[in-house]
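Peer 1: The following block contains the structure, expressed as structure tokens.
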Amino acid sequence: MASSLYTALSGLQANQTWIDVIGNNLANSNTAGFKGSQAVFSDQFARTLSYASGPNGGRGGRNPAQVGQGVRVAGTSRSFSQGGITNTGRVFDVALQGNGFFAVRNGAQNFYTRAGTFGLDAANNLIDQRTGSFVLDPSGSPIQLDTTSMLAPQATSSAEIAGNLPKVVTGPLPEVLSSADALAQGFAASLTSSGSGPFTIPAGETWTMRVTVDGSAPQTVSVTSVTGSVTAAEVATAIDALDGVSASVNGSGQVMITSDGVGEDATLKVTSGTTGRDLASLIGISTSLVTGSETAANGTTSLNDLPGNTSDYVDGDSIAISGVDADGTPINATFTYGAAGDGTTIADLVAFIDAQFAGATVEMNSAGQLVVTADTAGEAQLQLSISDEAGTVGATDWTRYAMTVTTEGTGSDVVTTSMEVFDPSGVAHTMTLSFERQADGSWSILPSVDDSEGSVVSAPITGIFFNDNGSPTGLGGVNPEVTVYFNGQSSPQTLTLALGADGEFSGLTQFGGDGEVLVQEQNGYGAGELASMSVDGDGSIIGLYTNGQSQTLGAIGIATFSNPEGLTQYGDNLFTQSTNSGNAVLSSGNLGAAGSVVGGALENSNIDTAEQFVNLIEAQRGFQANSRVITVQNEVMRDMVNIV
């Protein structure tokens, strides 16, 4: 009868233990890195009332009859499920996402924890702030950080260049002068009478007609008969006396009228004279407007055949050539017309003018224009003027061939950028990179530094060509090295410019649009002091320096176990290795089961408070039920006593 008391007692004890476990879980619900536990129950041995028997003959088998003797706590199981991550902002608050543990050492013993509340002591050792234990690195050694040394400078040895060089060519271009009108072979306007002399005119009568030349005021031609007729020669002589025209008699006795001017601007029109005494009708000449004509000139075209020539040149006539050479040198020369002089044709005049210019070339282009081209690209002071000198018989309207600048002389297309270059001592210098388009369409790079800082001793980088699609080509044949001597340095410094790759658009390009080039990155830097620290996912402790550089100062080791639930809880959120946990394996984060390290954060307790309250209710009910068993057994025993 008393066995039920002891059975109920075991239930009270087991549920009390469960309440203890729950209480501990709830007490640590806000403990960083805490891992909750669960009580594991098992029943105790049973009292056998009868043993089992098998079937025998005509009798069936029977099961054993047993009465349990209570319950016991067989153990506790710890849950290593991931807790939530909370950012704290402290550099050395670190959390783990995974199955690993931070390793710390106190004296000669290693401990393991999920609570990464670390910090630095006075000796710059990384310690667990709760216990003062040293935090271990992946090799199992305590971590000591160098927070006072400066980061040594690094000389610039390479730089990555990217950007666009303009496709549209605006330089280098030489200055060009061109004549307003093209030189041409001009032909006069002409009229020929249908009749041939002599022409009958009553004696004593005067017959007239009017002639208009080049649109000017009409001029009157008068012929008076003495004998009753006039010859063709007499009519031609009267017309020849007019301004701007010439007249003669051809072999057929016809009167021919020819304008002195030639070309399409030359016009000739005859108007009838006095009614009944009209000379135009008498000789049979057209009263329709006629014009001259012109064809493309060539080198053999005579100067007298130029459109705009109003009076033929004769031997000894002088044509003044004045102007300014490309470099500003004044030009003053005289072209003497004639076979015994400087010539009579366009080719002779062009050759004479060309000889006067030392810095430019003078020629007649395919369109017939007179063209003066500077021999070198860039700004020039070219000028050219042609005129007839005083006393010259011939005359040409040279203003129609006035020279104007049709192409401004410009220097090379230039795109400029600059970059910082650090010398071996960490001093920063400014280097200018000028990208200049060359006459063959390629680009060159001209590096330079201020004279006060040093000098570039290497040749310009040349031969940078581009495909039609704007990608570079032939970079393998380009020497991209720049050698510079900085003042105060004993030896020159060489750096290599990375310009991109053939056929790709990762570096330099040549597209339409503006030019803009920049230095994406250069690998030099000056000396720097430690400005801040951070912890990477693999546990590396990264120092960030005032020069923008970073370096690894140390690394936090992560321990893993084959059976983490076999670890022994030590207190202070620490665990120790046991015979059933397996040996600790130290490594870096982000490897296998170690998990990743989260800097500036802590792992929360993995306790689910709601779940624990449910468990607490169950434990309370279990305790209450076992208490009731004891109460009932007590009443039964009292009734037994009362029987006596």
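The values are calculated or read from the model by the stated rules, or taken from the named source; none is laboratory data. No experiment lies behind these values; they were computed from the predicted model shown. Note: ideal-geometry Cβ built from the backbone for every residue, glycine included; neighbour counts use all protein chains shown.
Peer 1: Across segment 201-243, which residue is farthest from the chain's Cα centre (by Cα) among those that are buried (at least 18 other Cβ atoms within 10 Å of the Cβ) and small (Gly, Ala, Ser)?
Peer 2: The extreme case among them is Ser225.
Peer 1: Looking at Gly359, is it in contact with a strand residue (DSSP E or B) (Cβ under 9 Å, 6 or more places away or on another chain), surrounded by 14 or more Cβ atoms within 10 Å (Cβ to Cβ) and touching a residue at least 24 places away in the same chain (Cβ under 8 Å)?
Peer 2: yes
Peer 1: Further, regarding this structure: Check segment 184-192 and report whether any residue there is of a type in the set (Val, Ile, Thr), surrounded by 14 or more Cβ atoms within 10 Å (Cβ to Cβ) and assigned to a loop (DSSP other than H, G, I, E, B).
Peer 2: No: segment 184-192 contains no residue that is of a type in the set (Val, Ile, Thr), surrounded by 14 or more Cβ atoms within 10 Å (Cβ to Cβ) and assigned to a loop (DSSP other than H, G, I, E, B).
Peer 1: Could you identify the single residue in Thr483, Thr494 that is more than 30 Å from Gly554 (Cβ to Cβ) and free of Cβ contacts under 8 Å to residues at least 40 places away in the same chain?
Peer 2: Sole residue among the options that is more than 30 Å from Gly554 (Cβ to Cβ) and free of Cβ contacts under 8 Å to residues at least 40 places away in the same chain: Thr483.
Peer 1: Every residue in segment 441-471 that is among the hydroxyl-bearing types (Ser, Thr, Tyr) and in a loop (DSSP other than H, G, I, E, B), please.
Peer 2: Those that are among the hydroxyl-bearing types (Ser, Thr, Tyr) and in a loop (DSSP other than H, G, I, E, B): Ser442, Ser452, Ser458, Ser471.
Peer 1: Give the residue, chosen from Gly589, Gly571, Gly622, that is farther than 30 Å from Ser425 by Cβ, assigned by TED's automatic domain parsing to the domain that holds Gln97 and surrounded by 15 or more Cβ atoms within 10 Å (Cβ to Cβ).
Peer 2: Selected residue: Gly589, the only one of Gly589, Gly571, Gly622 that is farther than 30 Å from Ser425 by Cβ, assigned by TED's automatic domain parsing to the domain that holds Gln97 and surrounded by 15 or more Cβ atoms within 10 Å (Cβ to Cβ).
Peer 1: Given the structure, is Gly292 surrounded by 20 or more Cβ atoms within 10 Å (Cβ to Cβ) and among the small types (Gly, Ala, Ser)?
Peer 2: When the stated conditions are applied, Gly292 passes them.
Peer 1: Is it true that some residue in segment 12-19 is surrounded by 15 or more Cβ atoms within 10 Å (Cβ to Cβ) and not in a helix (DSSP H, G or I)?
Peer 2: There is no residue in segment 12-19 that is surrounded by 15 or more Cβ atoms within 10 Å (Cβ to Cβ) and not in a helix (DSSP H, G or I).
Peer 1: Still on this structure: Just a yes or no: is a residue in segment 252-271 under 30 Å from Val350 (Cβ atoms), in the same structural domain as Ala395 (by TED's automatic domain parsing) and of a type in the set (A, V, I, L, M)?
Peer 2: Checked segment 252-271: at least one residue is under 30 Å from Val350 (Cβ atoms), in the same structural domain as Ala395 (by TED's automatic domain parsing) and of a type in the set (A, V, I, L, M).
Peer 1: Also, I was wondering about something else. Residue check, Phe134 against (1) in contact (Cβ under 8 Å) with a residue 40 or more places away in the chain; (2) buried (at least 17 other Cβ atoms within 10 Å of the Cβ), all met but one. Which one?
Peer 2: Condition not satisfied by Phe134: (1).
Peer 1: Check Ala610, Ala619 and return the single one that is in contact with a helix residue (DSSP H, G or I) (Cβ under 8 Å, 6 or more places away or on another chain), more than 30 Å from Gly543 (Cα to Cα) and of a type in the set (Gly, Ala, Ser).
Peer 2: Ala619
Peer 1: A further question on this structure: Identify, please: which residue in segment 591-627 is part of a strand (DSSP E or B) and in contact with a Leu (Cβ under 7 Å, 6 or more places away or on another chain) and is, among those, nearest to Leu12 (Cα to Cα)?
Peer 2: By that ranking, first place goes to Glu603.
Peer 1: Hey, among Gly391, Gly328, which residue is under 52 Å from the mean Cα position of the chain (by Cα), surrounded by fewer than 18 Cβ atoms within 10 Å (Cβ to Cβ) and in contact (Cβ under 8 Å) with a residue 40 or more places away in the chain?
Peer 2: On inspection, the qualifying residue turns out to be Gly328.
Peer 1: Give me the pairs: first residue in segment 283-309 and free of Cβ contacts under 8 Å to residues at least 24 places away in the same chain, second residue of a type in the set (Gly, Ala, Ser) and surrounded by 17 or more Cβ atoms within 10 Å (Cβ to Cβ), beta-carbon distance under 8 Å, and six or more apart or on different chains, which are they?
Peer 2: Once the first residue is free of Cβ contacts under 8 Å to residues at least 24 places away in the same chain and sits in segment 283-309, its partners that are of a type in the set (Gly, Ala, Ser) and surrounded by 17 or more Cβ atoms within 10 Å (Cβ to Cβ) give Thr287/Ala280.
Peer 1: Specify the residue that is nearest to the chain's Cα centre (by Cα); the eligible residues are those in segment 331-355 that are part of a strand (DSSP E or B) and among the hydrophobic types (A, V, I, L, M, F, W, C).
Peer 2: Ranking the qualifying residues of segment 331-355, first place goes to Ile331.
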